[in-house]
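Visitor: To start, I am sharing the structure in question, which I have written as structure tokens.
The values are calculated or read from the model by the stated rules, or taken from the named source; none is laboratory data. Please read all numbers here as calculations on a predicted model, not as lab measurements. Reconstructed Cβ throughout: ideal geometry from the backbone, glycine too, with neighbour counts over all protein chains shown.
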Amino acid sequence: MAAYFRRLEDEADRALAVARAARAQGFDPVPTVEIPIAHDLAERVENLVGPPGIAARIRDLSRTMDREEVSLAIAKEVIADGSWSSPDAAIEQAVRTGLAILTEGVLVARRSRPTRWEPSTTFPSRPRLICEFTH
């Protein structure tokens with residue numbers, strides 16, 4: 001079994017080398033290969049959307065929680081971190097990280113920026129945010 005996984009990693013490394021060489025020729029709009037190699041969901045989330053260092057915490061929570069619970073717990077922790085430049089930056093990072101966990105990093109709006117954040121007044125007793133993304 002170990003040989004099988006070693007072969008998969010070797011083949012992925014070889015394919016990545018070919019992709020990097022192709023991109024280095026300058027014909028693509030982006031000169032680097034955008035998809036980082038990750039060994040698990042936690043590493044994938046950190047590589048795609050961050051924040052740096054979040055993978056260890058995702059792994060830790062995943063031992064006792066399901067994916068939905070982990071995504072919400074991590075989003076709350078990201079907001080509570082307090083190291084963000086603004087509340088909007090904290091909310092954006094929390095949404096991106098939580099969504100990446102929920103979708104296993106498949107459906108993440110990585111390059112889009114939110115164009116509007118505002119409190120939802122639909123249910124005043126249950127605070128929510130409205131977030132719009134544009135391409």
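Visitor: Within region 11-64, can you find the residues that are of a type in the set (Asp, Glu) and surrounded by fewer than 15 Cβ atoms within 10 Å (Cβ to Cβ)?
Guide: Across region 11-64, the qualifying residues are 11, 13, 28, 34, 40, 60.
Visitor: Which one of the conditions (1) crowded, with 16+ Cβ neighbours inside 10 Å; (2) closer than 12 Å to residue 41 by Cβ does residue 94 fail to meet, given that it meets all the rest?
Guide: Residue 94 satisfies all of (1) crowded, with 16+ Cβ neighbours inside 10 Å; (2) closer than 12 Å to residue 41 by Cβ except (2).
Visitor: Follow-up. Among the residues of region 87-125, what is the count of those that are modelled with pLDDT of 65 or more, over 17 Å from residue 55 (Cβ atoms) and acidic (Asp, Glu)?
Guide: Number of matching residues: 2.
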